[in-house]
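Values quoted throughout were computed directly from the atomic coordinates according to the rules given, and no laboratory measurement underlies them. Predicted model only: the values in this text are computed from it and were never measured. Here Cβ is always computed from backbone atoms with ideal geometry, including for glycine, and neighbour counts include all displayed protein chains.
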Amino acid sequence: MKLDTPLVQRLRDHLIQQSRASFAPLHGTSTAQCGSEEEAAILERFRPFGELLFLVAQADGQVEKEERSLMKGAFHVLTAGRVRGTVLAQLENELASALKEHGVEARLEAVCNALSHNREDAELALSLASAVALADFKIDANEALLISQLASWLGIPKTRANELLSIGHQSIPPRPPLG
Amino acid sequence: MNVTKADHIAIIGDVHGFWNEADNLEFSKLGVDLLLFVGDLGSGTRKNGVEMISRLSKLRVPGLVLPGNNDAPHLAHLGAEWGYQSGKADLLRLVGSPQRVGIRPCGFTAHELSTKSGNLTLIAARPCAMGGGECSFPEELSRNYGVSSIEESVKRLKTLVDQSSTEAIVFVAHNGPYGLGGKPRDLWSRDFPIGSDHDAPNDWGDHDLSEAIKYAKNQGKRVDGVIAGHMHRGSEGKTRPATLRFEGTTYVNSAVVPRIRTHPDGELHHFVELRLDPGSKKADERFMIDEKWFNTSWNEN
């Protein structure tokens, strides 16, 4: 499976760029109050994506700076910027504890199982995981193998996985304005 | 404030779980500029409400969603799903799949709309309103909008009126305003019993909304329309009209439930069409409104 594609590069660059943006709410929405039901719901929705990205990032033993930036960008985008960036650090600590307790295989199986129930979620997760693997601008054999395995665990056929990661040569259309 | 083109608007009354892929496809075929959802998205469960947000997020035309009272208990999870879906749509656009435009939440917000007849301000009123003179779900409103009483709501709505730069205003709300009557056929009269409370009002409209309308008019604004739902039409053998013209304002109750019905020709999907552009035979009315059903092959009846 080819991972160093224009699409994955674009996704990586975009998410790293997003991580540098201020953590202001996107789309004109309000920030969820610290410890509120809203914040908990947003974290619950993001958690499987966050865990998958974390597991891919630490596959070689540690989470590199670029990988953390990419996770931060994904967090910002998929939570509409409604949750403070510091919460991501707390989430990472929780995920590290779960990894230590259960092991990487068990956590990958659990998170892929959770994401595989929705085809769109699964496909987005695979694209984001590929971007994390490419975060340091190179893909080694272990990372390629891991992404290939992830596709399988997420229930994405190989042909579809290749299609997902290779499309995307069009220009970026702007978001339609809506006041 | 961004200005949204909105000559042609489709108003979607209480959804209550009745929204499917045919809606996403057909509304883009119809060429509407904007979809306005007056709330009550799900069937009552959190799962269904979240599912509705997920489906609406695949819209190919812009949509504004005002939460209804049925959405209130699940507001946190609906907001989380909306945030996730919005982010996903951004990423899909990034990688070359621009079709998905999706929805945005509204409530205590103002949106300037451009039409061929001039600009107007759409003011989205208090979310989760359910009438009866009370401020429903004050905790949820406080956390999400910083408002927890009718008085605070009136203040916020008046501020939005003051900030509007257009002469024309249209309000969108979940429940309609107080003051339009309490008889069974009136647009927002109470259609359910309240135990032994014989003093309960029959006019179930919301006071903050009626205050805001009155205030806007007193400030020299032209309130072209007030769009809402909540009080279902045609329930229990009673039928309310869809519209009422009163003191220069057109009031619209868009709540036909269920909005998708089976028919020998296929599934019928309800919406209320609002045209703000001149040029039709009804061009003397700036606010032209027509109630419609469509099936998947666009045979209107």
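Values computed for the structure shown
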read-out	value
Filter pass, residue B:228 being part of a strand (DSSP E or B), touching a residue at least 60 places away in the same chain (Cβ under 8 Å) and out of contact with any Gly (no Cβ under 7 Å at 6 or more places or on another chain)	no
Condition met for residue B:74 (out of contact with any Phe, Trp or Tyr (no Cβ under 7 Å at 6 or more places or on another chain), at negative phi, part of a strand (DSSP E or B) and not polar (S, T, N, Q))	no
Inter-residue pairs, beta-carbon under 6 Å, first over 17 Å from residue A:17 (Cβ atoms) and within 7 Å of another protein chain (Cβ to nearest Cβ) and in segment B:81-102, second among the aliphatic types (A, V, I, L, M) and assigned to a helix (DSSP H, G or I), 6+ apart	B:81/B:50; B:81/B:53; B:84/A:78; B:88/A:124
Pairs with Cβ under 9 Å, 6+ apart, first in segment A:27-46 and more than 8 Å from chain B (Cβ to nearest Cβ), second surrounded by fewer than 20 Cβ atoms within 10 Å (Cβ to Cβ) and of a type in the set (Ser, Thr, Tyr)	A:39/A:31
Some residue of segment B:232-244 being β-branched (Val, Ile, Thr), in a strand (DSSP E or B) and farther than 30 Å from residue B:149 by Cβ	yes
Selection from segment B:11-36 of residues that are touching a helix residue (DSSP H, G or I) at 6+ places or on another chain (Cβ under 9 Å), buried (at least 18 other Cβ atoms within 10 Å of the Cβ) and farther than 17 Å from residue B:257 by Cβ	B:24, B:35
Qualifying residue in segment B:119-141 (condition: more than 9 Å from chain A (Cβ to nearest Cβ), in contact with an Asp or Glu (Cβ under 7 Å, 6 or more places away or on another chain) and surrounded by fewer than 23 Cβ atoms within 10 Å (Cβ to Cβ))	yes
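Conditions (1) within 14 Å of chain A (Cβ to nearest Cβ); (2) touching a residue at least 24 places away in the same chain (Cβ under 8 Å); (3) closer than 25 Å to residue B:274 by Cβ; (4) assigned to a loop (DSSP other than H, G, I, E, B), marked per residue:
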| site | (1), (2), (3), (4) |
| --- | --- |
| B:160 | yes, yes, yes, no |
| B:184 | no, yes, no, yes |
| B:191 | no, yes, yes, yes |
| B:195 | no, no, no, yes |
| B:198 | no, no, no, yes |
| B:201 | no, yes, no, yes |
| B:210 | no, yes, yes, no |
